[in-house]
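Contents: one structure, followed by commentary.
The values are calculated or read from the model by the stated rules, or taken from the named source; none is laboratory data. Treat the numbers as computed from the prediction; the structure is a model and nothing was measured. Here the Cβ is made from the backbone with ideal geometry for all residues, glycine too, and neighbour counts use every protein chain on show.
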């Protein structure tokens with residue numbers, strides 16, 4: 001009984017390093033989107049926002065995950081720069097790469113496209129973007145924020161509840177660990193994961209009106 005209570009409390013309120021064991025794909029995508037939002041903030045002069053920021057931004061993150069990515073995708077593509085090697089890419093002669101590969105039923109629209117040069121595109125193949133990034137040993141901090149936004153949104157919007165509820169993939173877990181290391185404190189990381197549990201519980205509750213009645 002004690003272990004069960006401790007595990008539930010850990011999921012929502014605190015976590016021992018490095019990351020909660022029961023994190024799902026849905027939680028991971030929420031954290032990824034919340035992190036890229038944090039990274040674009042202009043922090044106050046007196047110091048970074050306190051950990052409670054993540055709880056206060058919960059609804060904003062959920063809205064962002066459900067927002068179409070057209071503007072973000074166009075801004076990313078206008079860079080015409082490979083996200084991996086920084087080579088200039090002629091988009092009239094090179095196909096954009098899919099975040100969710102076509103072989104895995106990835107949709108054919110702007111929100112599922114990223115800029116890679118031919119060499120990097122060939123290297124990535126049909127692998128998950130974060131799995132490929134990790135295999136190449138590229139720093140997690142080097143992946144552009146706009147790409148994190150696109151990655152989180154397309155997976156959140158494309159996959160059904162059954163996939164989103166699966167245990168977090170190793171690549172996403174390792175990427176989160178590395179990217180969240182840039183937060184100001186362990187309390188911020190605890191709040192990041194805690195807000196993900198709170199948000200995903202809210203999403204499930206809103207989708208079950210019969211149980212609420």
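Any idea which residue in the stretch 1-42 is nearest to residue 55 (Cα to Cα), counting only those that are in a loop (DSSP other than H, G, I, E, B) and at pLDDT below 85?
13
Give the residues of the stretch 83-109 that are closer than 24 Å to residue 139 by Cβ, under 20 Å from the mean Cα position of the chain (by Cα) and in contact (Cβ under 8 Å) with a residue 24 or more places away in the chain, sorted by residue number.
The answer is 83, 84, 97, 99, 100, 101.
Scanning for something surrounded by 21 or more Cβ atoms within 10 Å (Cβ to Cβ), part of a helix (DSSP H, G or I), in contact (Cβ under 8 Å) with a residue 60 or more places away in the chain and within 15 Å of the chain's Cα centre (by Cα), does the stretch 161-168 turn up at least one residue?
no
Can you name every residue in the stretch 56-82 that is without any contact (Cβ under 8 Å) to a residue 12 or more places away in the chain and part of a loop (DSSP other than H, G, I, E, B)?
Residue satisfying the conditions is 78 alone.
Taking the stated definitions as given, is residue 126 buried (at least 20 other Cβ atoms within 10 Å of the Cβ), in contact with a helix residue (DSSP H, G or I) (Cβ under 7 Å, 6 or more places away or on another chain) and touching a residue at least 24 places away in the same chain (Cβ under 8 Å)?
No: the conditions fail for residue 126.
Please verify whether the stretch 195-211 includes one or more residues that are part of a loop (DSSP other than H, G, I, E, B) and modelled with pLDDT under 95.
yes
Hey, can you tell me all the residues within the stretch 108-131 that are under 19 Å from residue 77 (Cβ atoms) and assigned to a helix (DSSP H, G or I)?
Passing the criteria: 110, 111, 112, 118, 119, 120, 121, 124, 129.
Might you check whether a residue that is outside any helix (DSSP H, G or I) and either without any contact (Cβ under 8 Å) to a residue 60 or more places away in the chain or buried (at least 18 other Cβ atoms within 10 Å of the Cβ) (or both) occurs anywhere in the stretch 140-157?
There is at least one residue in the stretch 140-157 that is outside any helix (DSSP H, G or I) and either without any contact (Cβ under 8 Å) to a residue 60 or more places away in the chain or buried (at least 18 other Cβ atoms within 10 Å of the Cβ) (or both).
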